[in-house]
1. Only one of 189, 174 is modelled with pLDDT of 85 or more, surrounded by fewer than 22 Cβ atoms within 10 Å (Cβ to Cβ) and assigned to a helix (DSSP H, G or I). Can you tell me which?
2. Looking at 198, 218, can you tell me which residue is at pLDDT below 50, surrounded by 15 or more Cβ atoms within 10 Å (Cβ to Cβ) and hydrophobic (A, V, I, L, M, F, W, C)?
3. Quick one: would you say residue 142 is at pLDDT 85 or above, surrounded by fewer than 17 Cβ atoms within 10 Å (Cβ to Cβ) and over 31 Å from the mean Cα position of the chain (by Cα)?
4. Quick check, is residue 519 within 60 Å of the chain's Cα centre (by Cα) and under 27 Å from residue 389 (Cα atoms)?
5. Here is a check on your reading of the model: is residue 326 open to solvent by 50 Å² or more (accessible area, probe 1.4 Å), closer than 30 Å to residue 300 by Cα, in a helix (DSSP H, G or I) and of a type in the set (D, E, K, R)?
6. Kindly indicate whether residue 494 is in contact (Cβ under 8 Å) with a residue 40 or more places away in the chain and either loosely packed, with under 13 Cβ neighbours inside 10 Å or assigned to a helix (DSSP H, G or I) (or both).
7. Open to solvent by 30 Å² or more (accessible area, probe 1.4 Å), touching a Ser or Thr at 6+ places or on another chain (Cβ under 9 Å) and of a type in the set (D, E, K, R) - does that describe any residue in segment 540-548?
8. Would you point out the residue of segment 548-562, among those that are in a helix (DSSP H, G or I) and of a type outside the set (D, E, K, R), that is farthest from residue 521 (Cα to Cα)?
Amino acid sequence: MTLLDRFRARPPWQSPDPQVRAAAVRQLGADQSEVVATIARDDEDPRVRRAAVQRLDDPLALAERARDDGDESVRQEATGRLVHMAEAAEDPARAAAAMAGLGDARHLSALARTARLPSTRAAAVARLEDPRALAAVAKTAPDPATRQAALDAIRDPAALAEVALKSEHKDVAVAAVGRLDDTAALQTVAARARNSAAARRARSVLDARPGVTAVLAAEAVPDPPVPDAPPPPEPEAVAEAAAPAEEPAAVPPAPEPSPPPEPDPRERERQERIALCAKLEALTGEELVDYREESRAAWEGMAPRIEPPELAELEQRFERAMAECRQRFDTVAARRAVEKETAEREAKEKETQARAREAEVRRRQQTLARAQALASRLEALARAEKPTLREVERALREERAVLEALAAVPERKEREALTERLKAGRAALFPKAQELREADDWTRWTNAAKQEELCKRAEALVAEEDLEKTLHRLREIDAAWREVRQAPRGQAETLWLRFKAARDQLHAKLDPYVAKKKEEGQANLKKKEELVGRAEALSGSTDWLKTADEFRRLQGEWKQIGTTPHRPSQVLWERFRGAADRFFSRRKEDLDRRKHEWAANLQRKEALCGRAEEVMGSSDWEATLAEIKRLQAEWRTVGPVRKSKADAIWQRFRKAVDAFMERYAQRDELGRAAAAAEREAMVRELEEIPAGDDATEVAAKVLAVVARWRQAGPPPRDATDVARRFAEARNHVVEAHPEAFRKTELDPEANRSRMEKLCAKVEALLPKVEAAAGASLAERLKEALAANTMGAKGEAEARWKAGAAEVEAAQAAWKRLGPVPGDAGRVLGERFESACQRFFASRPRPNR
């Protein structure tokens, strides 16, 4: 085999030999599950497919083989694998997937009894529809829940009767009896039930039905009796046992018929024992298999009530019947064993003959298929422009073998058609084979000269001192020799020996050099392996900048390493590049993610800057301060932005915040300045009202300004000049248009009247106070003494405080009054001020 042929060698599971393929499939590892599934589906040999099925672990693939494979053995193998998988699975999903590929009631019944998971057993019971399969599960399943579920699913009375009759489990046997309505089935269960509790339950149900007990006893007596058995009971005894059931007919009519009297328990026991003995004596054939042990359980389950002599006689009869049953059973068992052996032998013979026939049919089909394929190949080679001589000669050799195999095919029509087709293909291909042989001879003749030239080049290369150059040229000569390796048969061996001698001399000189290069290559390979290990360890790092620099350094070291063996070096390079690609892919994904986060954070920070710039000029100090603090807190929660924009956006936000905080620190000065500017504006507005305007419009303007002045609050103490100018401007306008302010808050007459009332109110408080202040010293001492002794001092102080409150209220009302222009207003103002001062000067002094 040439080196190229070695590279083209197929894996063993693709070998033409089915046995080699099957052995290769058994050696495949768990990581080649797809290859195993493909072989199980596509291989042409059933043995190989069966071996592949034995390695499959995929429930879906196994279900496909169990359903669609053309070979029965493969389908059985796949089905068995599915049953085992569903039975042993600990994962409910895997068990369900395996059971989904099963449809046979036998397999579902087996799973219902033996599956490890309760869910699998329940699902198997739910899928069963065959009453016999359900009955088998209900009778034999170890799990009580499974037995009960199977019993609940039974709707066939015969299946229910089978469960009641043959189940050894008390729960389902008794439950099955409870669902039986047929009297005959109940009688059979009462007489033959394997479980004594089920038999008792059936008898109790029958006892509740009038007239059934006697019939049971009568029907249980076989007719005719088995030879050598004791005679059956006399008709009088049977009639006597049945008599209680007929007594209700003799009872005279009554408004409501009374129930029949219960039979005597001893008589009923005697009849049951007699019936059981008679039944045993009459047993033959298939009944011996099941009923013998059931009869023993039924006999021992009866409570002895009859007399000991009669009981002993019946027990002797029962034991004789049981012994005869055992003998008949042994005879039947022996006959069955012989019949089974004969049947098995005949079945094997039939199976062998069937397999031989199948093999013969398969061999004929394979021969026909091979002939058809060869005929098509011969025709294709005849039509091909440049077929190879090897292909043509191989097809011609195979044609002779196929013709010999076709002679044994009995299908005459197909055999003759294929024979003619093969001969026609050979006739068409033979001339082309002659041409190819002539061309091959010519090629060999020309190759002889080329091989001789290559021998000279190899011999001349022996004297070359540059070993690397020698190795390179020897490889070129070897490659050229492979292209012209076919030479005339008379010269081929001589030329090859000459060429080989020169090559041997070159290899003797080059082998140490190549070995040294190989050692260096292995050392370099270890260095690359170390670099690969370091690269793979770094591939999961998140220190992006440092790790990227490390990868660049590793790449530089990789380039500095010398030559290495090509194939392992290529594998290491793929691992090294894969580690780098994984890291840089993760880095790019992280950078993309961070870019997205940076953009989102920049958008949020720009929104915060916009909001800060929007409120930085506000004079609603406390609300704006709270908003600025909220913006600062939210700014701290926003993540980072791109470095190139981080400083600019921060400076913008800080500038807006600092601008407001500077204004907030100067809020009092700014407020006073704004208030002063506002008051100055109102004064100028009053001063600039044209004198020639309409009096009504002038009044409206003045009233509006006055209302704004009042809303602005009292002016600061250092703004007396502004307040004076405002009052003069207002009074000037009111004095110029008094009629326009009629019935307004600036009506001069109304304000004068209010001023007089306030003056009078304050002056009314003065006589009492002044009188008290003008009393003589003796009188004041006398009053003080009286006050100290009688509490009058507190009353005087209280009266003055009450008057002071009224004076303060009058002062507040005076400030709200409009102007009274001229001397009248001035006089009233002086009068009110004087009265107030006199009142507060008259406050009682405390005694010392």
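The values are calculated or read from the model by the stated rules, or taken from the named source; none is laboratory data. Only a predicted model underlies this, so the values are computations on that prediction, with no experimental measurement involved. Quick reminder, even Gly has a Cβ in these numbers, built from the backbone with ideal geometry, and neighbours come from all protein chains shown. The accessibility values were calculated without ligands, DNA or RNA, using every heavy atom of the protein model including side chains. Shrake-Rupley method; radii C 1.70, N 1.55, O 1.52, S 1.80 Å.
1. Details: 189 fails: surrounded by fewer than 22 Cβ atoms within 10 Å (Cβ to Cβ).
Checking each option against the conditions leaves just 174.
2. Values: 198 fails: at pLDDT below 50.
Criteria check complete, one pass: 218.
3. Numbers: at pLDDT 85 or above: yes; surrounded by fewer than 17 Cβ atoms within 10 Å (Cβ to Cβ): yes; over 31 Å from the mean Cα position of the chain (by Cα): yes.
It is true that residue 142 is at pLDDT 85 or above, surrounded by fewer than 17 Cβ atoms within 10 Å (Cβ to Cβ) and over 31 Å from the mean Cα position of the chain (by Cα).
4. Details: within 60 Å of the chain's Cα centre (by Cα): yes; under 27 Å from residue 389 (Cα atoms): no.
No, not satisfied.
5. Values: open to solvent by 50 Å² or more (accessible area, probe 1.4 Å): yes; closer than 30 Å to residue 300 by Cα: yes; in a helix (DSSP H, G or I): yes; of a type in the set (D, E, K, R): yes.
Spelling it out, residue 326 is indeed open to solvent by 50 Å² or more (accessible area, probe 1.4 Å), closer than 30 Å to residue 300 by Cα, in a helix (DSSP H, G or I) and of a type in the set (D, E, K, R).
6. Details: in contact (Cβ under 8 Å) with a residue 40 or more places away in the chain: no; either loosely packed, with under 13 Cβ neighbours inside 10 Å or assigned to a helix (DSSP H, G or I) (or both): yes.
The answer is no for residue 494.
7. no
8. From segment 548-562, those in a helix (DSSP H, G or I) are 548-560; that's our starting set.
Checking the rest, the ones that are also of a type outside the set (D, E, K, R) come to 548, 551, 554-556, 558, 560.
Details: 548: 28, 551: 23, 554: 19, 555: 18, 556: 18, 558: 13, 560: 13 Å.
The qualifying residue farthest from residue 521 (Cα to Cα) is 548.
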